[in-house]
Structure formats: structure tokens, C-alpha cells
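For reference, the structure is listed below as C-alpha cells.
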Amino acid sequence: MINFKGKVAIITGASSGLGADCAGAYAQAGADIAILARRKEKLDELADELTKTGVQVLPVSCDVTDEQQIKSAIDQVISKFGKIDILLNNAGVAVRGGVHQLSAEEWDKSFNTNVKGIFLMSKYVVPHMIEQNYGKIVNVSSINALIADKSDMFIRHSYNSSKAAVLGLTVGMACSYGKYNITVNSILPGLFESAMTENSLLKSKEFLDYYNSTCPMSRTGKRGEVSGTVLYLSSDLSSYVTAQHIVIDGGFSVI
């Protein structure tokens with residue numbers, strides 16, 4: 001039912017984890033894609049795999065906190081594909097620490113990547129979507145925008161607040177750009193296997209036992225379980241869905 005043949009998608013933070021998984025899902029659905037991240041070697045490896053599906057893939061080294069790099073990346077995408085239909089703002093960082101522990105630099109790191117990165121990417125993509133009177137934007141937030149862990153082991157106040165800011169930005173963009181046939185939604189993943197979690201949360205037996213015993217589905221998310229929701233929000237099946245926040249966490253956040 002979902003066919004992106006003839007569509008062009010951009011994915012940030014695409015070198016690993018959820019970004020790489022979603023890039024693969026877009027490619028399988030027929031979209032030509034631009035994959036952006038800082039690690040060019042990882043992007044090149046992913047591009048080699050994705051081109052086997054028969055789509056065009058453009059790997060671009062890009063730090064989403066750097067406006068000039070973003071501008072250059074979008075220029076490259078337009079030069080190659082001529083348009084942008086879908087933007088998945090996936091790049092993110094998780095800095096551990098409470099407000100009594102964090103430095104100003106650590107706080108800024110969270111907001112520069114998790115919020116400013118979405119702002120800058122959208123700043124240079126939205127004009128192209130307005131021009132063609134069509135666009136699908138999906139912003140990646142987190143269930144930690146809604147809930148937090150009281151354990152000192154996992155205190156992440158800058159992550160909580162920056163991911164909550166993504167929700168406000170999503171709503172604002174959706175309300176402003178709906179008249180141009182642009183939908184803007186966010187997803188809020190729970191605990192998934194990714195580069196961000198494999199060296200922290202997934203290594204803690206104490207936390208995993210707590211998470212699995214609390215989550216209604218009794219497990220963490222598996223690779224690929226975010227992709228279906230992302231494809232839906234990126235497709236015309238969701239043509240009248242905008243300004244929404246969809247939680248993907250096996251029910252963990254309702255307990």
C-alpha cells in the first residue's frame with residue numbers, strides 16, 4: 001500500500017540505528033534517498049547496501065548543528081534529485097546528567113543537535129516543499145519528552161527538555177505549513193536497540209529488568225519496529241494527519 005517510487009526522502013542521523021533502519025525502509029518502498037550524518041564512511045557503506053534495492057542514494061557528510069553544512073547538503077540533494085518530498089529529522093544525542101551536574105556546554109550540545117538541528121534542516125527544506133505544495137516531515141522525539149526515570153543512573157534533564165521542545169516545534173510547524181499541503185508529525189520511541197543505547201541503557205541489567213517488567217510487552221523495541229510508523233507518516237495514507245505525536249514504546253509510558 002505504501003509506494004514511494006518517484007519520491008525523494010532525506011534522513012538525518014542515518015549512519016546507524018533508527019536512522020539507518022528507516023533509510024532501508026524508504027528504499028524498500030521505492031524512494032530515492034539522501035542519507036546525512038557526520039560519519040561519511042558509515043554512510044558510504046549504507047549507500048552501497050541501499051542501492052542494491054534499485055533506488056538512487058546520495059550519502060552526504062553533514063553535522064546538523066552547522067548551518068553551512070546543512071545548506072550545502074540541501075543544495076546537493078536538489079542538484080541531484082530536483083526536489084525533496086520527505087524529511088525525517090532523526091539526528092539526536094543523549095547527554096547524561098541533572099541540572100546540578102551539567103555544564104552549559106553539555107546543555108547546549110543537547111539542544112543544538114536535538115532542537116536546533118531540526119530547525120536548521122527544516123529552514124532549508126521547507127521552502128522547497130512550499131514551492132511544490134507538498135511535503136511530509138517527521139521529527140524524532142522520545143518518550144523521555146513525556147516521562148523521566150527517577151534513578152540517578154539515568155538522569156538526563158537536557159535530553160528530557162530538548163525532546164519536549166521537539167513536540168512544540170512540531171506543532172508550530174504543522175500549524176504554519178498545513179496550508180501548503182505539508183504535514184509535520186513527531187514520533188516518540190521508547191527503548192530500542194541503537195548506537196545511542198547499546199553502550200548505556202542496554203548494558204544495565206538492573207535497568208533492563210525494570211523496563212521489561214514494567215513494559216506491557218515485556219521487552220525493548222526491536223530493529224525495524226519504528227519504520228512502519230515512519231513510513232505511514234511519510235506517505236499519503238496520512239494525508240490528513242498533522243501536528244500529532246505518536247508514541248512507539250510497547251505501552252511503557254502509560255504504566
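Miscellaneous remarks
- Residue 117 meets the conditions (1) touching a residue at least 12 places away in the same chain (Cβ under 8 Å); (2) within 24 Å of residue 255 (Cα to Cα) in every case but one. The failed one is (2).
- Of all residues in the range 33-45, those that are surrounded by fewer than 24 Cβ atoms within 10 Å (Cβ to Cβ) and either of a type outside the set (Asp, Glu) or in contact with a helix residue (DSSP H, G or I) (Cβ under 7 Å, 6 or more places away or on another chain) (or both) total 4.
- Failed criterion for residue 147 (all others in (1) more than 30 Å from residue 7 (Cβ to Cβ); (2) part of a helix (DSSP H, G or I); (3) of a type in the set (Val, Ile, Thr) hold): (2)
- Residue within the range 78-91 that is polar (S, T, N, Q), in a loop (DSSP other than H, G, I, E, B), within 13 Å of residue 34 (Cβ to Cβ) and in contact (Cβ under 8 Å) with a residue 40 or more places away in the chain present: yes
- Residue in the range 46-57 that is touching a residue at least 40 places away in the same chain (Cβ under 8 Å) and exposed (fewer than 15 other Cβ atoms within 10 Å of the Cβ) present: no
- Answer from 135, 117, 92 - the residue that is at pLDDT 95 or above, touching an Asp or Glu at 6+ places or on another chain (Cβ under 8 Å) and crowded, with 16+ Cβ neighbours inside 10 Å: 135
- Those helices (runs of 4 or more DSSP H) lying entirely in the range 156-255 with at least 2 residues closer than 21 Å to residue 114 by Cα and out of contact with any helix residue (DSSP H, G or I) (no Cβ under 6 Å at 6 or more places or on another chain): 157-177, 195-198, 227-234
The values are calculated or read from the model by the stated rules, or taken from the named source; none is laboratory data. This is a predicted model, so every value here is computed, not measured. Because the Cβ atoms are built from the backbone with ideal geometry, glycine has one as well, and the counts that use them run over all protein chains shown.
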